[in-house]
Amino acid sequence: MQELASLRSLLGTDNVVVGADMAPYLTDWRERYSGEAEAVVRPGTTEEVSKIVLWCREHGFSIVPQGGNTGLCGGATPDQRGRQIVVSLARLNRIRHIDSDNDTIEVEAGCILQSVQEAAEQVGRLFPLSLAAEGSCTIGGNLATNAGGTQVLRYGNTRELCLGLEVVCADGQIWHGLRALRKDNTGYDLRDLFIGSEGTLGIITAATLKLYPLPVAQCTAMLTLNSLDDAVKTLSLARAGFGASLTGFEVMRRNCLEGVVRCFPEQRLPFDEAGLQSPWFALLELSDNESEAHARERFEVVLGNAIEVGVVQDAVIAESVAQSKALWHLRESIPLSEKIFGKSVKHDVSIPVSSIPAFVEKTNALLQANFAGVEHVIFGHLGDGNLHYNVARGTAYSEDELLAKQREIYQIVHDSVHAFHGSISAEHGVGQLKRDLLTRYKDPVELALMHKIKQALDPDGVMNPGKVLQES
Ligand SMILES: Cc1cc2nc3c(=O)[nH]c(=O)nc-3n(C[C@H](O)[C@H](O)[C@H](O)COP(=O)(O)OP(=O)(O)OC[C@H]3O[C@@H](n4cnc5c(N)ncnc54)[C@H](O)[C@@H]3O)c2cc1C
């Protein structure tokens with residue numbers, strides 16, 4: 001197409017992808033959404049991003065920013081109209097600067113999360129954001145979705161890990177907001193507007209992130225539990241016993257781990273036959289400033305007490321770093337092994353921790369009353385009140401039959417979340433998957449303010465239209 005010639009001369013032919021080569025960019029990770037685009041462009045600098053935005057405005061295209069394309073809500077997938085340009089940030093992947101004294105790292109948006117973790121480790125620091133997609137998701141995507149992951153309990157979401165941003169705005173201007181300050185009260189916090197905006201307000205091109213001391217040792221334990229109630233009680237005991245050293249508390253229903261072992265037979269659960277029958281399992285991580293042996297001793301004291309009072313049935317404390325990794329690997333393999341249950345109806349929800357057992361009991365019962373035989377695949381970051389509450393076809397339905405009921409299942413689960421004062425999106429965002437649900441569950445004043453913000457920052461609707469908010 002003639003119009004693309006100027007883009008090619010701007011970015012180089014290799015960085016303007018068209019035709020069949022666009023395929024990997026046009027479908028989301030879960031293969032739920034696919035769309036059309038005029039081209040996928042791969043800028044290498046912030047200035048190029050700015051020029052692309054101006055080009056898109058001039059030629060009447062809207063923009064879909066894309067990082068690692070691991071998002072779970074279809075936010076990085078273009079629509080069907082073919083009048084969008086996908087802007088892949090993958091080439092913007094430099095670590096610009098590390099300031100060990102200030103405990104900060106400045107990185108470009110296309111940096112893979114794992115490479116940021118590694119760069120921090122090389123200077124003896126920790127970048128604590130950690131999630132199963134860390135080998136392919138990007139910092140830009142993490143910021144745009146305000147990703148959570150396994151360390152939120154101790155370090156917070158991506159939002160809490162970010163001090164400054166560089167953003168290409170919807171009119172092509174570059175906002176140089178790469179401040180490395182922990183205190184800056186000079187008015188409205190634009191950084192917090194762009195974080196979690198899923199590409200609908202601007203394109204994040206770089207960020208200044210917080211670093212932390214590397215823990216001397218980390219140790220992991222896996223527990224068997226009789227109920228979710230016991231999991232919540234164990235979390236309280238662990239918080240009281242470990243304080244800020246408790247860096248992870250994950251919970252998993254038995255069928256999740258059975259799925260992992262079926263899918264990945266090389267992985268093993270470290271329990272005897274009785275333990276394997278437990279309905280719930282928990283994974284705890286302790287970061288310690290002395291040694292692994294010290295971490296293990298602390299685990300023994302607190303978990304010994306939890307077993308004594310009857311809230312924990314059995315506990316395996318990792319004997320080595322390799323064993324800790326193997327235990328985490330079990331947990332991290334759950335999303336990948338879920339394919340074994342067939343396509344399921346997924347919910348990423350948060351509820352006040354104290355209400356989680358009642359929420360699960362009530363919601364499971366409601367679903368069985370309406371769709372007897374569906375399977376509840378439940379796991380998540382209990383320490384953050386975040387559950388991945390997924391509904392699989394079980395014995396009752398075919399994959400297609402289940403997906404045909406998706407809308408009703410969503411409504412039952414999300415109404416229940418709402419009734420328990422929770423959120424229908426804990427960490428994955430809204431994208432196109434949950435966009436229409438916001439009108440049902442968001443406070444109307446809040447939703448109206450969100451539309452006003454969109455209107456103020458992107459009045460022509462060029463930034464990722466149809467994601468998060470309905471197009472006006
Ligand atoms: C196996 C697996 C496990 C996961 N585990 C977790 C988890 O534990 N916690 C969690 O929170 N998420 C999890 N996710 C979801 C996903 O990894 C995160 O949402 C991640 O932050 C997305 O990053 P990405 O680079 O792949 O973004 P993409 O998928 O490319 O994009 C996601 C959204 O961000 C926008 N975007 C991307 N880059 C930019 C940018 N530079 N500027 C502006 N907007 C941009 C896109 O337009 C889109 O709306 C998981 C995903 C998978 C596949």
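Values computed for the structure shown
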item: Fraction of the pair-distance distribution of the chain above 29 Å, Cα-Cα pairs, percent; result: 51 percent
item: Stokes-Einstein D (µm²/s) once Rh is taken as the Kirkwood radius of segment 334-472 over alpha-carbon pairs, at 25 °C in 0.890 mPa s; result: 152 µm²/s
item: Candidates per GluC sites (Glu not before Pro) in segment 87-164, loop by DSSP, up to 14 other Cβ within 10 Å; result: none
item: Once the Cα gyration tensor of segment 35-115 is diagonalised, semi-axes √(5λ) in Å; result: 28, 16, 8
item: For GLY248, distant residues with modelled amide H under 5 Å away; result: GLU285
item: Ranking of VAL360, VAL49 by count of other Cβ atoms within 10 Å, fewest first; result: VAL360, VAL49
item: Partners for LYS51 among lysines (Cα-Cα distance below 22 Å; same-chain residues under 8 apart left out); result: LYS454
item: Dipole of segment 419-472, positive end: most advanced residue of PRO459, PRO444, LEU469 [Cβ charges, Cα centre]; result: PRO444
item: Computed Rg/Rh of segment 356-420, alpha carbon atoms with Kirkwood Rh; result: 0.96
item: Those chymotrypsin sites (Phe, Trp or Tyr not before Pro) in segment 178-255 that DSSP places in a loop and that have at most 15 other beta carbons within 10 Å; result: TYR188
item: Which listed pairs, of LYS325/LYS405; LYS346/LYS442; LYS210/LYS452, have C-alpha distances above 27 Å, in listed order; result: LYS325/LYS405; LYS210/LYS452
item: Hydrodynamic radius of segment 85-198 per Kirkwood, over alpha carbon pairs, in Å; result: 14.6 Å
item: Segment 176-218-segment 72-112 distance, computed between alpha-carbon centres (Å); result: 13 Å
item: Scattering curve values for segment 146-239, log₁₀ I(q)/I(0), Debye with Cα scatterers, q = 0.16, 0.19, 0.25 Å⁻¹; result: -0.79, -0.95, -1.38
item: Degrees separating the helix 46-59 axis from the principal Cα axis of the chain, which is the longest one; result: 60 degrees
item: Cα-centred dipole magnitude for the chain, charges only on beta-carbon of K, R (+1) and D, E (-1), debye, nearest 20; result: 700 debye
item: Positive-end extreme of charge dipole, the chain - chosen from PHE420, PHE299, CYS169 (charges on Cβ); result: CYS169
item: HN-Hα J in Hz across segment 463-472 - Karplus 6.51, -1.76, 1.60, θ = phi - 60°, x for Gly and Pro; result: 8, 6, x, x, 10, 6, 10, 5, 5, 9
item: Helix-only mean residue ellipticity at 222 nm for the chain, each DSSP H run of n ≥ 4 adding -39500 (n - 2.57), per residue, nearest 500; result: -10000 deg cm²/dmol
item: For segment 236-367, Kirkwood radius (reciprocal of mean inverse C-alpha pair distance, Å); result: 16.5 Å
item: Protection-proxy order for peptides 294-300, 149-155, each taking the mean of Cβ atoms within 10 Å per residue, highest first; result: 149-155, 294-300
item: Angle between the chain longest axis and helix 228-242 axis [Cα atoms, degrees, rounded to 10]; result: 80 degrees
item: Backbone HN-Hα couplings from phi across segment 421-433 [Karplus 6.51/-1.76/1.60, Hz, Gly and Pro as x]; result: 6, x, 10, 7, 9, 7, 9, 8, x, 10, x, 9, 5
item: Straight-distance crosslink candidates among lysines, where the alpha carbon sits under 24 Å from LYS233 and sequence neighbours closer than 8 are dropped; result: LYS362
item: Helix 444-457 vs. the chain, principal-axis angle (Cα, 0 to 90°, nearest 10); result: 40 degrees
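Every number in this text was worked out from the coordinates using simple rules, so none of it is lab data. Source: prediction; values computed, not measured. A quick note on method: Cβ atoms are made from the backbone with ideal geometry, for glycine too, and the neighbour counts reach across all protein chains shown.
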